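Here the structure is laid out as structure tokens; the discussion comes afterwards.
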Amino acid sequence: MLSETGSSNLPGDVSNPFITKLSSSPQKGRISPSDPSSSISSLREGMGRMDISHRGNSMDYIQSAMERKDSRESQHATRRELDRFVPSRPSSIHHSSHSSTTLPTLALAADGQTPDTSMDHSSIADQTTSSLSASLGMPAGNNRRILSFRSAPPKASHATSHLDAQRNYLLHSSAAASRGTGSNAAGKEGAKKRAPPYVPERVLDAPGFEDDYYLNLIDWSCANRVAIGLGDTGYVWDAETGNVNALGGGNDANEDASKVTSVSWSNDGSYLAVGTDAGEVEIWDVEEGKKMRTMAGHSARIPSMSWHGHVLSSGCRDGSIYHHDVRVAKHKVMELVGHNAEVCGLTWRADGQLLASGGNDNVVNCWDGRVGASVLQTGDGVPRGVAKWTKRNHTAAVKALAWCPWQSSLLASGGGTADKHIHFWSTSTGTRTASLPTSTQVTSLTFSPHSKEILGTHGYPDNTLTLWSYPSLEKVWEVPAHDSRIICSALSPDGTTVCTGAGDENLKFWKVWEARVAKKDRDDAESGSHARGKSAVRIR
């Protein structure tokens with residue numbers, strides 16, 4: 001029934017949108033599967049009507065495709081070769097500058113050989129340059145820069161001729177410096193890299209030298225004598241003659257004698273102060289070899305002392321600091337209270353206006369140098385002073401203190417094993433100006449009077465001498481000094497040699513700096529009329 005409906009509706013159904021046109025071939029009815037002979041005859045008839053209308057050649061198809069491709073490339077090249085900034089292009093280089101030079105045609109010649117595609121690039125470049133010059137209004141063959149002056153700049157007037165001379169001189173000087181012939185940089189670099197003193201000038205045995213970080217057992221006088229405390233006796237070694245004298249001749253040495261904990265020379269080198277373990281301060285006349293007086297008052301040992309004129313300041317283990325006037329019977333003229341632990345560092349500034357102290361409480365104090373100028377008093381009527389400013393930046397005991405000789409307001413302080421830092425302070429403002437980390441504990445500091453350098457002696461674990469430049473804080477050199485930690489040091493009166501004492505019971509003398517001899521001192525030295533002191537330091 002379905003076949004009948006299809007055969008009856010197909011010719012007249014034109015409302016179906018999917019059937020656009022009726023076939024022009026004769027109507028073929030549905031072939032019944034029961035009639036195989038009729039189906040075979042119909043298939044043969046249809047194959048007979050299938051005929052090829054044209055037998056073309058494949059080369060004709062390839063040529064037509066290539067022609068279409070060439071037409072498209074020519075249109076694209078025409079659009080591409082239009083220059084944005086040059087409105088017109090000469091016909092001589094219209095095709096050569098882009099098509100011929102960048103995309104040469106690699107077609108085969110008739111004989112099968114590859115044609116020569118090379119061309120004269122220089123001629124094309126000349127044509128391009130000439131056309132560009134013509135477009136910009138510049139004459140051909142002119143090699144001037146586009147942004148150069150049309151004419152030479154005017155010459156300087158006579159009023160500025162000296163400036164030209166100075167400018168030329170500076171140019172020549174800078175050129176010579178760059179060649180290394182007129183620069184001071186090499187000299188400065190060479191000075192920084194001078195040979196370190198790997199070997200000491202002299203070594204002295206110091207049997208019984210106390211290996212105690214808080215003690216100050218060495219001092220060098222302006223008369224070129226070195227004082228050292230060994231056990232319960234103080235000794236004086238004359239650097240010029242090499243003689244060694246024991247204070248008191250060693251006759252007072254007995255089992256009940258107090259140990260020497262500190263030594264300090266007076267400013268004129270005539271008297272030596274000796275601090276003991278019993279809290280007493282002894283004043284010795286070195287020339288006469290006798291004890292002048294003993295000043296008591298401290299309740300514990302005295303590990304640090306410092307002179308200024310007739311005033312001797314002493315630091316005690318209980319944290320107190322006394323000012324002693326050695327001229328009067330009642331020697332205690334002032335007491336400074338600002339530490340709650342042992343005062344192991346104490347030094348006056350050269351002008352006597354300030355006193356610096358460091359203690360085992362990790363504190364650095366700066367005191368007013370006016371002795372007795374205080375409204376506060378102790379129970380016995382002695383004036384009591386307070387610190388001008390206090391710094392607590394260190395994290396270990398502060399023993400190393402040094403005043404700068406060429407900048408009076410500069411103070412350096414060094415910390416112990418747990419700190420390993422050197423701090424620089426401005427005493428005018430009380431501020432820290434710089435900090436220098438080290439690898440070992442700092443036991444003493446010394447500023448050079450001849451150059452802007454600072455020397456540090458160190459204890460655990462390296463036991464070295466280290467020299468830094470200031471204010472750059474660059475390390476100049478570092479040398480191993482002792483087999484044990486360095487306890488203290490002292491500077492020679494001429495400012496060139498440093499004496500170090502260590503726990504290995506040795507005194508070593510190191511030539512660190514060279515003295516700057518003035519002309520007058522040089523003449524005196526040549527004439528032989530020099531006196532004993534700073535200008536005549538010799539080590540025998």
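The values are calculated or read from the model by the stated rules, or taken from the named source; none is laboratory data. Predicted model, so just to flag it, every value in this text is computed and none were measured. Please note: Cβ atoms are built from the backbone with ideal geometry, for glycine as well, and neighbour counts cover all protein chains shown. The protein model used for the area step is the full one, side chains on, heavy atoms only, and it has no ligands, DNA or RNA in it. Shrake-Rupley method; radii C 1.70, N 1.55, O 1.52, S 1.80 Å.
Data overview
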{"item": "Gain in span if fully extended, residue 124 to residue 310, counting 0.36 nm per residue against the direct Cα distance", "result": "57.0 nm"}
{"item": "Distant-in-sequence amide H partners of residue 502 (H built 1.01 Å from N, under 5 Å)", "result": "487"}
{"item": "³J(HN,Hα), Karplus 6.51/-1.76/1.60, whole Hz, each residue of the stretch 293-309, x for Gly, Pro", "result": "6, 10, 10, 9, x, 6, 9, 8, 5, 10, x, 8, 8, 7, 9, 8, x"}
{"item": "Over 24 Å between alpha carbons, listed pairs 332/388; 399/475; 391/475", "result": "391/475"}
{"item": "For the stretch 346-353, Karplus couplings with θ = phi - 60° (6.51, -1.76, 1.60), whole Hz, Gly/Pro x", "result": "7, 7, 7, 6, 4, 8, x, 8"}
{"item": "Amide H within-cut-off set for residue 476, under 5 Å, with H built and near neighbours excluded", "result": "467, 468, 469"}
{"item": "Computed over the stretch 202-511: relative contact order in percent, which uses C-alpha pairs under 8 Å that are six or more apart", "result": "12 percent"}
{"item": "Efficiency of FRET between residue 431 and residue 384 - r from beta-carbon atoms, R0 30 angstrom, step 0.05", "result": "0.65"}
{"item": "Fully extended contour minus Cα-Cα distance, from residue 516 to residue 341, at 0.36 nm per residue", "result": "58.9 nm"}
{"item": "³J(HN,Hα), Karplus 6.51/-1.76/1.60, whole Hz, each residue of the stretch 199-207, x for Gly, Pro", "result": "10, x, 5, 7, 10, 10, 6, 9, x"}
{"item": "Neighbourhood net charge (14 Å Cβ-Cβ; Lys/Arg +1, Asp/Glu -1) for residue 430", "result": "+3"}
{"item": "Formal net charge of residues neighbouring residue 370 (Cβ-Cβ distance under 13 Å; K, R +1; D, E -1)", "result": "0"}
{"item": "Gain upon complete extension [residue 479, residue 268; 0.36 nm per residue less C-alpha separation]", "result": "72.7 nm"}
{"item": "Among beta bridges that DSSP assigns inside the stretch 202-511, antiparallel share in %, nearest 5", "result": "95 percent"}
{"item": "Protection proxy ranking of 208-217, 433-442 - average other beta-carbon atoms within 10 Å, highest first", "result": "208-217, 433-442"}
{"item": "Residues with amide H under 5 Å from that of residue 434, placed H, sequence gap 5 or more", "result": "424"}
{"item": "Loop-located trypsin sites (Lys or Arg not before Pro) in the stretch 298-346, at most 11 other Cβ atoms within 10 Å (DSSP)", "result": "327, 330"}
{"item": "Whole-percent carbon and sulfur share, accessible surface of the stretch 398-498, 1.4 Å", "result": "48 percent"}
